[in-house]
1. What is the local net charge at residue 127, summed over the other residues whose Cβ is closer than 12 Å to its Cβ (Lys, Arg +1; Asp, Glu -1)?
2. Stretched out fully, how many nm does the piece from residue 287 to residue 155 gain, at 0.36 nm a residue minus the Cα gap?
3. Quick check on packing: order 244-251, 201-208, 3-10, 39-46 by the mean number of other C-beta atoms within 10 Å, highest mean leading.
4. How charged is the neighbourhood of residue 26? Take every other residue with its Cβ under 13 Å from the Cβ of residue 26, and add Lys/Arg as +1 and Asp/Glu as -1.
5. Suppose a student asked you for the relative contact order of the stretch 132-216, using Cα pairs under 8 Å spaced at least 6 residues apart; what percent would you report?
6. Divide the volume of the convex hull of the Cα atoms of the stretch 1-116 by its number of residues and quote the answer in cubic angstrom per residue.
7. So for the stretch 196-247, averaging the separation of alpha carbon pairs under 8 Å that are six or more residues apart and normalising by length, what relative contact order in percent results?
8. In percent, what relative contact order does the chain have, based on Cα pairs under 8 Å that are 6 or more apart in sequence?
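The values are calculated or read from the model by the stated rules, or taken from the named source; none is laboratory data. From a predicted model like this one, the values you see are computed outputs, not experimental measurements. Please note: Cβ atoms are built from the backbone with ideal geometry, for glycine as well, and neighbour counts cover all protein chains shown. Just the protein is used for accessible areas: all its heavy atoms, side chains included, with ligands, DNA and RNA removed. Shrake-Rupley method; radii C 1.70, N 1.55, O 1.52, S 1.80 Å.
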Amino acid sequence: MVRTPAPLPHSITIDMHRTTVVSALVYQPRTDKANGRVGGYSISVSADGRNWGSPVATGTLADDASAKTLGFAPQGARFVRLTAVAEAGNRGPWSSAAELNLLGDPGTPAATVDLPRTGWTATAGDEETAKENGRAANVLDGDAATLWHSRWSGTPAPLPHRITIDMHRTAAVSALVYQPRKDSPNGRVGAYTITTSTDGTTFGAPVSSGTWRDDDTVKTATFTRTANARYIRLTVTREAGNRGPWASAAEIRLSGPANPAAHGSWSRITGFPLVPVATAVLPGDKLLAWSAYAVDRFGGSSGYT
């Protein structure tokens with residue numbers, strides 16, 4: 001008998017049997033062999049197991065046996081689905097997982113503020129200087145019309161491309177803000193990872209990774225943990241529109257934890273199985289939020305309200 005492996009993509013769905021706030025999926029690859037390690041992936045969530053909507057996270061994982069934490073915007077859900085779209089080492093049409101875990105309410109989200117960029121410098125693994133001024137320093141000049149661009153004249157430098165911010169001091173950093181160029185789509189960052197270092201030589205495990213949309217809106221990559229670092233490195237592994245082996249950036253900013261006494265703070269996240277489209281203020285500093293499946297349907301056995 002000839003056995004035909006099931007083709008990619010492969011999906012595995014976790015049913016928590018209750019609606020709760022979810023903020024990340026932790027994927028532990030198998031440790032006995034490399035076959036089936038998840039490479040390209042997407043994560044979707046659902047309240048009912050039928051309607052999934054757009055993925056809440058997409059990306060590409062490294063071909064190793066370390067556990068990966070795949071974060072996304074906290075939200076209420078009952079079902080969480082991991083879809084493997086590629087095997088990490090392209091060894092075959094396989095997928096595998098040793099363990100899957102979910103992370104819930106991340107607690108009080110830390111407010112962030114822009115860190116002052118005075119004295120910062122930027123360096124890149126490659127930059128375009130022959131046909132245009134695409135130097136790394138342009139991401140710190142406050143001018144969105146200037147940009148860093150990977151080398152493209154002659155023989156283009158291949159992906160991945162790296163740009164490193166040196167703050168020349170150690171600071172608490174919790175997010176990177178990326179502003180794409182406005183004049184052209186070429187080089188918009190698609191897949192990326194962000195790593196940090198205290199000495200500029202040793203960079204630890206990524207504090208953020210993911211995929212950005214192919215548009216010119218400003219993107220924020222929130223770190224999985226606040227990093228006390230001097231160097232922040234953005235590594236681009238794919239151009240957003242797959243137009244070529246390029247990367248570019250108009251501006252890069254870094255954010256750090258805000259002082260709650262000066263900037264306020266958020267309360268803990270409350271998950272809802274539906275979008276709470278209506279909210280009323282009640283006595284005693286309370287809020288009542290509700291929604292409905294239809295204009296004439298509230299409650300019932302399906303629990304839509």
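1. Numbers: positive: 131, 135, 151, 162; negative: 126, 128, 132.
Net charge around residue 127: +1.
2. Working: separation 132, 0.36 × 132 = 47.52 nm, distance 6.01 nm.
Full-extension gain reported as 41.5 nm.
3. Values: 244-251: 22.5, 201-208: 15.8, 3-10: 10.2, 39-46: 19.8.
Order by mean packing, descending: 244-251, 39-46, 201-208, 3-10.
4. 0
5. Values: 84 pairs, mean separation 18.4, N = 85.
The normalised contact order for the stretch 132-216 reaches 22 percent.
6. Numbers: hull volume 17.0 nm³, N = 116.
Here the figure is 147 Å³ per residue.
7. Reported relative contact order: 42 percent.
8. Numbers: 777 pairs, mean separation 57.7, N = 305.
Relative contact order, the chain: 19 percent.
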